[in-house]
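K.L.:
This is the structure, below, for whatever I ask next.
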Amino acid sequence: MEIVDNLSLADYTSLGVGGPAERAVIASNSEELIEILSESKRRQTIWLLGGGSNVLVSDYGLPGLTILQSGGRIVFDQDKVLVDSGVEWDALVEQALKRKLWGIELLSEVPGTIAGATFINIAAYGQTIGERIEWVEAWDRLRSRRVVFHQNQLELGYKQTIFQNSPHLIITRVCLNLSKKVTHVLEYQKALEVAEELQLSVDSLTDRRQIIIETRRRSGSIWHPHDPRFSRTAGSFFRNPLVPEKLANAIINFDETETNPNIVKKMNTVHGGSANRVSAAHVLLAAGFKRGQNWGRVKLNDQNLLKIEALSGATAQDIYNVMLNIQSSVLTKLGLKLEPEVRLLGKFKNKHKHIDK
């Protein structure tokens, strides 16, 4: 495990921006991660990077030690699976489907690692990782030892877990409880339309994966590391907000596909657990933003309004400024405070700094 000084982190994120890590090391499995953490000083600043698909790293870089998680073990025991934190999420989904196990197929092609998926409690098309978790092992930096959290201790919510407010807890392994039987009815309307068009069965596990991947592709939500065909984005930049019913009804009317509002409400419920958790894309449309809108070296993606895209020469600060611009406009026009889903790592100029360790 070689420690490298001043490693460019732009090469390790999907946005392709950001300064260097003061010191960096690669952990290829959870045991190496624990070894690194156990040898680090309690007060040393540590940053964790997995797939780099949901972060914005400051142009100033990251002080202290950055641990790059890459790979690890996947161990199945009937319908349970134990996974190292650095394993690519979709690699696990593929392995589960090969074993005819249900429960995470609707989360196909979500980018990132197991740690990232667990940290944010990924949710898509009616499934969440949280409902499949049996326990999570983490390294507690305050007590310098491993700790285990069972599902009922994780403070699970919409894209929320205990780890987001506990930077001293570093996810090292996750145990998921999958199923040999169907766990969810696929109800998301756009996915059902894809299934009908392609004549795929929603009751087939392998067909479901194809349905979800095609649905994600049509919404511009596919990203593969190091593939030049994909734009430099960090996925959906903002969380879907929960708003009062009257405002939710008004925002829904900005749907560009002319979908029946009741169907939109149902999709909002499937995605976010409530008809009033509106799509952040609808919020941006209601505030007057458009696909492809440009701010010099930064734009909104042509396919997916929620993706802030880095163009050639863009800096992390450029992207951060666009984020502030969008948040300010939404607050002024709609009275809503949009929260970023993307993790902001390091120091940024202007109104405030946000450091997420």
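K.L.:
Please tell me if Phe289 is in contact (Cβ under 8 Å) with a residue 60 or more places away in the chain and closer than 17 Å to Met323 by Cβ.
P.N.:
It is false that Phe289 is in contact (Cβ under 8 Å) with a residue 60 or more places away in the chain and closer than 17 Å to Met323 by Cβ.
K.L.:
Then there's this: Of Ile36, Ile26, which residue is over 30 Å from Leu101 (Cα atoms), among the β-branched types (Val, Ile, Thr) and in a helix (DSSP H, G or I)? So that I can check it myself, show each step before the final result.
P.N.:
Numbers: Ile26 fails: in a helix (DSSP H, G or I).
Only one candidate qualifies: Ile36.
K.L.:
Continuing with the same structure: Can you name the residue in the stretch 73-88 that is touching a helix residue (DSSP H, G or I) at 6+ places or on another chain (Cβ under 6 Å) and not polar (S, T, N, Q) and is also nearest to Thr13 (Cα to Cα) among such residues?
P.N.:
Once the filter is applied, the top-ranked residue is Val87.
K.L.:
Return the total of residues in the stretch 151-166 being farther than 17 Å from Gly116 by Cα and either among the acidic types (Asp, Glu) or open to solvent by less than 90 Å² (accessible area, probe 1.4 Å) (or both).
P.N.:
Of the residues in that region, 1 qualify.
K.L.:
Can you pull out the residues in the stretch 275-300 that are among the small types (Gly, Ala, Ser) and surrounded by 16 or more Cβ atoms within 10 Å (Cβ to Cβ)?
P.N.:
Ala275, Ser279, Ala280, Ala281, Ala286, Ala287
K.L.:
Among residues belonging to the stretch 131-146 that are in contact with a strand residue (DSSP E or B) (Cβ under 8 Å, 6 or more places away or on another chain) and within 27 Å of Ser274 (Cβ to Cβ), point out the one that is surrounded by the fewest Cβ atoms within 10 Å (Cβ to Cβ).
P.N.:
Glu134
K.L.:
Of all residues in the stretch 71-93, count the ones that are of a type in the set (D, E, K, R), without any contact (Cβ under 8 Å) to a residue 40 or more places away in the chain and open to solvent by 60 Å² or more (accessible area, probe 1.4 Å).
P.N.:
Going through the stretch 71-93, the residues of a type in the set (D, E, K, R) turn out to be 73, 77, 79-80, 84, 88, 90.
From the residues that got through so far, the ones that are without any contact (Cβ under 8 Å) to a residue 40 or more places away in the chain too are 77, 88, 90.
Filter again for open to solvent by 60 Å² or more (accessible area, probe 1.4 Å), leaving 77, 88.
The qualifying residues number 2.
K.L.:
In addition: How many residues are within 17 Å of the chain's Cα centre (by Cα) and either at pLDDT below 95 or in a loop (DSSP other than H, G, I, E, B) (or both) if we restrict to the stretch 71-95?
P.N.:
Qualifying residue count for the region: 3.
K.L.:
Okay, moving on. Look at the stretch 27-55 and say how many of its residues are in contact with a strand residue (DSSP E or B) (Cβ under 8 Å, 6 or more places away or on another chain), surrounded by 18 or more Cβ atoms within 10 Å (Cβ to Cβ) and closer than 30 Å to Val298 by Cβ.
P.N.:
8
K.L.:
For Lys100, which of the numbered conditions (1) buried (at least 21 other Cβ atoms within 10 Å of the Cβ); (2) not in a helix (DSSP H, G or I); (3) not aromatic (Phe, Trp, Tyr) fails to hold?
P.N.:
(1)
K.L.:
Could you pull out the residue among Leu7, Leu68 that is touching a residue at least 40 places away in the same chain (Cβ under 8 Å), open to solvent by less than 70 Å² (accessible area, probe 1.4 Å), under 21 Å from Pro111 (Cα atoms) and in a strand (DSSP E or B)?
P.N.:
So the residue among Leu7, Leu68 that is touching a residue at least 40 places away in the same chain (Cβ under 8 Å), open to solvent by less than 70 Å² (accessible area, probe 1.4 Å), under 21 Å from Pro111 (Cα atoms) and in a strand (DSSP E or B) is Leu68.
K.L.:
Shifting gears a bit: Hey, any hits in the stretch 119-127 for a residue that's open to solvent by less than 30 Å² (accessible area, probe 1.4 Å) and more than 19 Å from Tyr188 (Cβ to Cβ)?
P.N.:
Yes; the residues of the stretch 119-127 include at least one that is open to solvent by less than 30 Å² (accessible area, probe 1.4 Å) and more than 19 Å from Tyr188 (Cβ to Cβ).
The values are calculated or read from the model by the stated rules, or taken from the named source; none is laboratory data. Quick caveat, the model's predicted, so the values are computed rather than measured. Quick reminder, even Gly has a Cβ in these numbers, built from the backbone with ideal geometry, and neighbours come from all protein chains shown. We work out accessible area using only protein heavy atoms, side chains counted, and drop any ligands, DNA or RNA first. Shrake-Rupley method; radii C 1.70, N 1.55, O 1.52, S 1.80 Å.
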